[in-house]
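Let me begin by presenting the structure, written as structure tokens, before commenting on it.
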Amino acid sequence: MRRFTLTMAVVLLAVAGYSQQPSATGQSLSEVQKAQYVKQLGLKPTSLTLPKQAATNRLASQLRKAAQGTPITEQPEGTLYKNLYTYAKGFTSMWGMIYEDQVDGATKDLVVAADGTCYIKNPISFMATDSWIKGKKTVGDTIAVELPQAIYVMDNGDGNTVNYFAYKMKYEQIDGENQYVVDDASQTVKFVWRNDSLVKADNTSLIGMGNPNGVWNGLGDLEMSATVCPFTNEAPSANATVNKYVVSYHPSSSSTHQRIMSAAFDGDNVFIKGLDTSLPDAWIKGKRDGNQIVFPGAQFLGLDTVRSNYKFCIPGVERWNDEEYYSELVSLPNATFTYDEATQSFTTKDGFVTNYGYRAFQESFSVIGQPAFNLWNEIVAAPQNPRIIQYSPATTSTGYLIFAADNYNVEGAFMDPDKTFYNIYFDDELVTFAPDQYVGLTEEMTDVPINFDETTHYDIQTYGNQHRLNIYDIGFERIGVQVIYKDGDKRLTSDIVYYPESTGIDNGITSNNAAKHVYYVDLSGRKVAQPAHGMYIKTMKMDDGSVKSVKVIVK
């Protein structure tokens with residue numbers, strides 16, 4: 001989902017070089033900052049207002065009865081058309097305001113059963129609910145869907161849940177306010193499935209998301225088309241010469257990063273692999289002419305399966321708008337590099353933006369500004385010692401550790417990130433991160449890849465050479481970090497760098513003893529007598545008077 005992540009996700013703390021997203025829980029933005037953020041996302045303000053609860057009186061009894069049940073979350077039986085490339089226009093909401101928006105490259109699945117029953121996954125293109133709505137083939141290629149249908153169950157954090165439904169909605173003026181409300185005359189929405197394309201037939205009605213009383217939450221599709229993905233990612237031929245490069249670039253105007261990428265020279269064609277870290281095997285293609293290499297237009301990278309969204313690489317730069325005082329992305333027709341035959345290096349004042357879809361820059365994008373490609377010569381040596389920047393121990397709330405790990409080893413040579421990892425120590429004990437505590441993980445992890453990002457709950461994050469981890473355990477006196485470089489059977493390590501260097505952190509138990517009293521606190525800081533579904537901090541008061549807190553998930 002796109003806009004939903006802005007309002008609901010737990011976002012990293014703005015400390016030591018980490019830039020906080022505007023939607024971070026508990027943070028407020030000025031009206032100027034909100035306006036700048038809206039411009040960066042390409043949203044258009046509207047005169048629409050969110051309906052008030054009084055509008056629930058409009059919902060007829062038969063619709064109230066229909067607005068029950070649970071979402072279809074299991075894939076139904078039938079012929080599956082998976083990951084249809086979706087483009088939609090409609091609305092999204094932030095800060096109580098409704099904006100015109102578009103989503104490009106999102107995925108939508110369709111199942112067509114033998115009896116003509118059809119199922120559409122993610123019916124609201126602006127939020128991936130991972131649920132299906134059910135329809136039926138009628139005349140010709142038309143699919144009729146009768147709404148409302150349950151599409152999402154949200155845990156509101158206090159042990160209760162709120163069900164959301166897809167409704168057919170219509171525009172009305174109510175008490176002088178422009179609103180979309182449940183269409184009490186008809187709840188039939190029609191689609192056309194033809195030539196591998198699924199199209200919403202009526203662009204005036206809205207498939208909107210609302211609560212059981214029919215109150216719209218500001219998300220919905222006016223126009224929608226989804227098709228079997230027509231794009232492919234072109235790779236160099238088997239005869240191409242492929243080399244690894246150390247690439248220095250600017251992800252923002254105030255920072256410089258370095259990564260290893262591959263470049264392939266295939267006749268006059270030049271390919272680059274690794275521009276986008278979520279699709280590390282995707283290539284883009286350019287043409288060499290003398291001392292210039294030109295990469296044209298938006299190029300398809302592939303499907304980001306984590307975000308269920310197709311990605312493109314677009315020539316572009318980030319520029320500061322002096323008149324309106326905000327940073328804006330500007331697309332370019334080409335990215336043109338200067339090529340040095342002697343060193344096989346190539347540089348540009350242009351850059352790239354990896355982006356979801358190709359029609360407009362979306363909420364999540366990565367800037368590769370002014371990249372400089374230089375041949376990489378691997379020299380195997382031990383990593384340099386990491387530097388601990390900040391540590392806040394866990395008490396009754398989550399702690400965190402921020403540290404920096406240089407990309408260069410003790411010989412001054414750039415290290416391959418695919419071979420570089422780090423370990424965390426509590427006192428002298430090596431830490432293994434487990435999914436029952438770090439719930440964004442799918443398996444236990446001891447050696448953490450140097451570029452690893454956990455983007456579900458933001459427990460483990462990387463930004464350039466800085467790393468941030470949430471800490472839930474107590475009962476140790478110091479915390480340590482070590483960097484590892486794995487080269488075949490060799491395991492080369494830095495020293496373990498501790499904070500504090502000796503002792504002095506007194507934040508928990510120092511011996512094994514039984515829990516005398518246990519209580520739970522939800523993520524809003526409220527004590528809960530009996531935890532239900534959701535995430536909690538479990539605090540145990542031990543026999544010796546010490547306290548230990550860990551994060552738990554109740555399913």
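The values are calculated or read from the model by the stated rules, or taken from the named source; none is laboratory data. Since the model is a prediction, treat every value here as computed from it, not as a measurement. Every residue, glycine as well, gets a Cβ built from its backbone with ideal geometry; the counts of neighbours run over all protein chains shown. All accessible areas refer to the heavy atoms of the entire protein, side chains included, with ligands and DNA or RNA removed. Shrake-Rupley method; radii C 1.70, N 1.55, O 1.52, S 1.80 Å.
A compact table of results
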| read-out | value |
| --- | --- |
| Region 199-294: Lys pairs at Cα distance under 26 angstrom, eight or more positions apart or on different chains | 5 |
| Whole-Hz couplings from phi, Karplus 6.51/-1.76/1.60, listed for region 298-308; x for Gly and Pro | 6, 10, 6, 9, x, 9, 7, 6, 5, 8, 6 |
| Local electrostatic count, Q482, Cβ distance below 14 Å [Lys/Arg +1, Asp/Glu -1] | -2 |
| With every protein chain in place, region 306-428: carbon and sulfur % of accessible area (1.4 Å) | 44 percent |
| Most positive-pole-ward Cα, Y167, N178, G135, against dipole of region 127-185 from beta carbon charges | G135 |
| Largest to smallest accessible area among M154, M97 [probe 1.4 Å] | M97, M154 |
| Probe 1.4 Å - accessible area at L430, Å² to nearest ten | 70 Å² |
| Accessible area of V153 in the full protein assembly, 1.4 Å probe (Å², nearest 10) | 70 Å² |
| Region 430-505 shape via C-alpha gyration tensor axes, a/c threshold 1.5 | oblate |
| Derived scalar couplings ³J(HN,Hα) [region 486-494; Karplus, 6.51 cos²θ - 1.76 cosθ + 1.60; whole Hz; x for Gly, Pro] | 9, 10, x, 7, 7, 10, 9, 10, 7 |
| Distant-in-sequence amide H partners of Y152 (H built 1.01 Å from N, under 5 Å) | Y164 |
| Built amide H within the under 5 Å cut-off of A382, gap 5+ | V410 |
| Packing-based ranking, highest mean first, of 213-219, 475-481 given that Cβ atoms within 10 Å are counted | 213-219, 475-481 |
| Ranked packing of 346-354, 408-416, most packed first, by mean Cβ within 10 Å | 346-354, 408-416 |
| Probe 1.4 Å, protein heavy atoms only - accessible area per residue of region 415-506 in square angstrom | 46 Å² |
| Solvent-accessible ranking of S253, S125, largest area first, probe 1.4 Å | S253, S125 |
| Phi to ³J(HN,Hα) by Karplus 6.51 cos²θ - 1.76 cosθ + 1.60 over region 453-460, Hz, x for Gly, Pro | 10, 9, 9, 8, 10, 6, 6, 10 |
| Solvent-accessible surface (1.4 angstrom probe) belonging to R194, in square angstrom, nearest 10 | 130 Å² |
| Cα-based equivalent ellipsoid, region 222-301: semi-axes from gyration tensor eigenvalues, Å | 24, 20, 13 |
